[in-house]
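Have a look at the structure below before the remarks.
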Amino acid sequence: MDKREFLKNSSLLGLGSLLTFPSLEKLMQSVEKTPSLELASDEDFWMQIRKAYKLKPDYINLENGYYCIQPEEILEAYIKHVRDVNLQGAYYMRTVQYDNKKMVTQKLAELAGCTAEELIITRNTTESLDMIIGGLDWKEGDEAIYSFTDYGAMMDMFDQVAHRYKTVNHIVPLPLDTKSDSEIIEQYESRITPKTKLIMICHMINITGQILPVKKICEMAHKKGVQVMVDGAHSFAHMNFKIPDLDCDYFGASLHKWLSVPLGAGLLYVKKENIQKVWPLFAETKKPDNDIARLNHTGTIPVHTDLAIVNSIEFYNKIGAQRKEDRLRYLQNYWVKQVRGLPNIIINTPEDVKRSCGIANVGIKGMKPAMMAEKLLKEHKIYTVAIDNGSVQGCRITPNVYTTTKELDELVNALKTLSKV
């Protein structure tokens, strides 16, 4: 069955209320021969994907960067996991919990492209990366490098380490519209000294959507004997890649973002040879220094969230990593190209389409980001988030696979209206 026939039949059968996993399977079979770039602009196809979600009608949600809601089938599976764990109680927690976590970790490692011996399930990116920052064996005078566009929680942890161990932090500026990767790499390389211990970089910067040349930065740093930690909160399950391809030493992500796992799940990847270099955040019964499980003692947690990771991976894999990346990039470019260069509108995202994907940031000259976000919501029923970070001032726009071009047309019209005020 081809795509046209599938869409016709699904309409006749009244599929519109909910796209179930079996229906999704049939939909994907109907487009298996369609190039992902061609499918990216196919609104009929993505309207079928939209039917997997229950969306609040009060506003257009363009703030998926904080938390991506689950498709209904994942949500129902999650609720079932809650009921099952509650039914079994302590029996579940003392018996099958650990085997299930190993199973989930294995599936997550397969998605990430690493071994299960290099990955643990955490609660979010902050926990993952702060575990590395706080767990390295810092000495007085050691140095770290990161950018002012990095996430605040990690910068706070670097500040705490500096206060505690008398280390030194170097904060680099990053050019937005670069002509080459070398301009970015130079910013980090120029700050490296014999005392540099760790560089932190974002794979995709959360406030602008800019994608950094992670592998090239890692190659440069490793030649100088410096480790690199990557904040992948917005790249994991957003772009099509495997963590080892980046050649980084550490990688953290929040699974409640682009993988659409229920709140409370993240991951930490540690390259095998680096595991023994990290102290656990919470002490664990003695395990071998190269066993990543020693970093994963967090006490009793909502284990039903871990189980839902498998359901989210299944949904993500059915859509396809490249299809999702291409659709998100298409949506961002769809609205950005209509307003970039207009009077009073500022785009805080690279113009080169290869240097960003689904996330973009837009500001209005003379208007505070908080006021802009308020007007978008109250006057145009569009929900975003205000970003006021030094030179980056605007609203972050993060569509999802359920977002339509008609909704983005509403955003474009709203921006044109607000920019004339």
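The values are calculated or read from the model by the stated rules, or taken from the named source; none is laboratory data. Given the structure is predicted, the values throughout are model-derived calculations rather than measurements. A quick note on method: Cβ atoms are made from the backbone with ideal geometry, for glycine too, and the neighbour counts reach across all protein chains shown.
Listed values, structure above:
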{"quantity": "Segment 389-421 - residue that is at pLDDT 95 or above, charged (D, E, K, R) and out of contact with any His (no Cβ under 7 Å at 6 or more places or on another chain) and, of those, nearest to F148 (Cα to Cα)", "calculated": "R396"}
{"quantity": "Filter result for P369 (out of contact with any Ser or Thr (no Cβ under 9 Å at 6 or more places or on another chain), crowded, with 23+ Cβ neighbours inside 10 Å and not assigned by TED's automatic domain parsing to the domain that holds L176)", "calculated": "no"}
{"quantity": "Unique residue being assigned by TED's automatic domain parsing to the domain that holds T398 and within 30 Å of V230 (Cα to Cα) when the list is N124, N100, N64", "calculated": "N64"}
{"quantity": "Where E379 falls short, out of the listed (1) assigned to a helix (DSSP H, G or I); (2) surrounded by 18 or more Cβ atoms within 10 Å (Cβ to Cβ); (3) charged (D, E, K, R)", "calculated": "(2)"}
{"quantity": "Residues of segment 146-163 satisfying the condition of being in contact (Cβ under 8 Å) with a residue 60 or more places away in the chain and not charged (D, E, K, R)", "calculated": "F148, T149, Y151, M154"}
{"quantity": "Single residue of segment 13-71 satisfying the filter (under 25 Å from the mean Cα position of the chain (by Cα) and of a type in the set (V, I, T)) that is surrounded by the fewest Cβ atoms within 10 Å (Cβ to Cβ)", "calculated": "T20"}
{"quantity": "Subset of segment 327-353 [over 14 Å from T208 (Cα atoms) and either hydroxyl-bearing (S, T, Y) or assigned to a helix (DSSP H, G or I) (or both)]", "calculated": "R327, L328, Y330, L331, Y334, W335, K337, Q338, V339"}
{"quantity": "Strands (runs of 3 or more DSSP E) fully within segment 216-300 counting 3 or more residues that are under 15 Å from T122 (Cα atoms), touching a residue at least 24 places away in the same chain (Cβ under 8 Å) and not aromatic (F, W, Y)", "calculated": "250-254, 266-270"}
{"quantity": "Spans of helices (runs of 4 or more DSSP H) in segment 101-209 with at least 2 residues of a type in the set (K, R) and surrounded by 18 or more Cβ atoms within 10 Å (Cβ to Cβ)", "calculated": "none"}
{"quantity": "Residue identified as touching a residue at least 40 places away in the same chain (Cβ under 8 Å), within 18 Å of the chain's Cα centre (by Cα) and assigned by TED's automatic domain parsing to the domain that holds A283 among D142, D130", "calculated": "D130"}
{"quantity": "Among (1) outside any loop (DSSP other than H, G, I, E, B); (2) assigned by TED's automatic domain parsing to the domain that holds L119, the one test that K324 misses", "calculated": "(2)"}
{"quantity": "Residue under evaluation A253, criteria (1) over 13 Å from the mean Cα position of the chain (by Cα); (2) within 27 Å of P302 (Cβ to Cβ), criterion not met", "calculated": "(1)"}
{"quantity": "Within segment 302-351, tally of residues that are in contact (Cβ under 8 Å) with a residue 60 or more places away in the chain and over 22 Å from the mean Cα position of the chain (by Cα)", "calculated": "6"}
{"quantity": "Qualifying residue in segment 299-317 (condition: farther than 30 Å from P213 by Cβ, among the hydrophobic types (A, V, I, L, M, F, W, C) and modelled with pLDDT under 95)", "calculated": "yes"}
